[in-house]
1. Quote the FRET efficiency, to the nearest 0.05, computed for residue 110 versus residue 143 with a Förster distance R0 of 22 Å and r equal to the Cβ-Cβ distance.
2. What is the antiparallel percent of DSSP beta bridges lying wholly in the chain, to the nearest 5?
3. Rounded to whole Hz and in sequence order, give me ³J(HN,Hα) for region 96-107 from the Karplus expression 6.51 cos²θ - 1.76 cosθ + 1.60, θ = phi - 60°, writing x for Gly and Pro.
4. Putting +1 on Lys and Arg Cβ atoms and -1 on Asp and Glu Cβ atoms, find which of 86, 117, 18 reaches farthest to the positive end of the dipole of the chain.
5. Of the heavy-atom accessible surface of the chain (probe 1.4 angstrom), what whole percent is carbon and sulfur?
6. By average Cβ neighbour count within 10 Å, what is the ranking of 81-94, 6-19, 62-75, 120-133 from highest down?
7. Using θ = phi - 60° and the Karplus relation 6.51 cos²θ - 1.76 cosθ + 1.60, list the HN-Hα couplings for region 56-65 in order, rounded to whole Hz, with x at every Gly or Pro.
8. Using 7 Å Cα-to-Cβ label points, what is the residue 119/residue 32 separation (nm, one decimal)?
Amino acid sequence: MSDCENYAISGFTTQSGVTFDLSLAYKTYGKLAAAKDNAILLPTFYGGRHAETEYFMDPGRALDTSKYFVVIPNMFGNGTSSSPSNTQAPYGRGAWPDVSLYDNVICQHRLVTKHLNIERLKLVTGFSMGGMQTYQWGAMYAEMIDAIAPICASA
């Protein structure tokens, strides 16, 4: 998709032990404050893409982009980030390796901290598998998050 950016992650080793190059597609909304203290992360749900989560954001709503800088990373396998359909051999199509929620969160953390240079998140929230990633963020990176709000997700 041309309406988002891609963060290249070279030589990533998945939880299942496969090492390959990944591309994490993401889109940002709003403006990052000079103090970088208004960032919110909203991971996508299974099969969902960033555009399909835009309904979370509106003036006056909890994710008001006039106040917050919202980062929406697209989950691996959704066709926008690295997926079976857009990954070259030997890991494309039916050879796509097991990529876990843990792997998604590790790569999202790299996007936030290394690429966007954000050290703290006001909120991590998501629906369904986005909510599951929210729980994973809370478990792995609690020290850098003010709050999590998983929506319709199992831990």
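1. On the way: r = 16 Å, r/R0 = 0.74.
The formula returns an efficiency of 0.85 here.
2. Details: 11 of 22 bridges.
Here the antiparallel bridges make up roughly 50 percent for the chain.
3. Each residue of region 96-107 in turn: 4, x, 5, 10, 9, 4, 4, 4, 4, 5, 4, 5 Hz.
4. The one lying farthest along the dipole's positive direction is 117.
5. Working: 3750 of 7450 Å².
C and S atoms contribute 50 percent here.
6. Working: 81-94: 15.1, 6-19: 13.4, 62-75: 20.9, 120-133: 22.9.
Packing order, densest peptide first, comes out as 120-133, 62-75, 81-94, 6-19.
7. Couplings: 5, 10, 5, x, x, 8, 4, 9, 8, 6 Hz.
8. Using points 7 Å along Cα→Cβ, the separation is 1.4 nm.
The values are calculated or read from the model by the stated rules, or taken from the named source; none is laboratory data. All of these numbers come straight from a predicted model, not from anything done at the bench. We place every Cβ from the backbone using ideal geometry, glycine too, and count neighbours over all the protein chains shown. All accessible areas refer to the heavy atoms of the entire protein, side chains included, with ligands and DNA or RNA removed. Shrake-Rupley method; radii C 1.70, N 1.55, O 1.52, S 1.80 Å.
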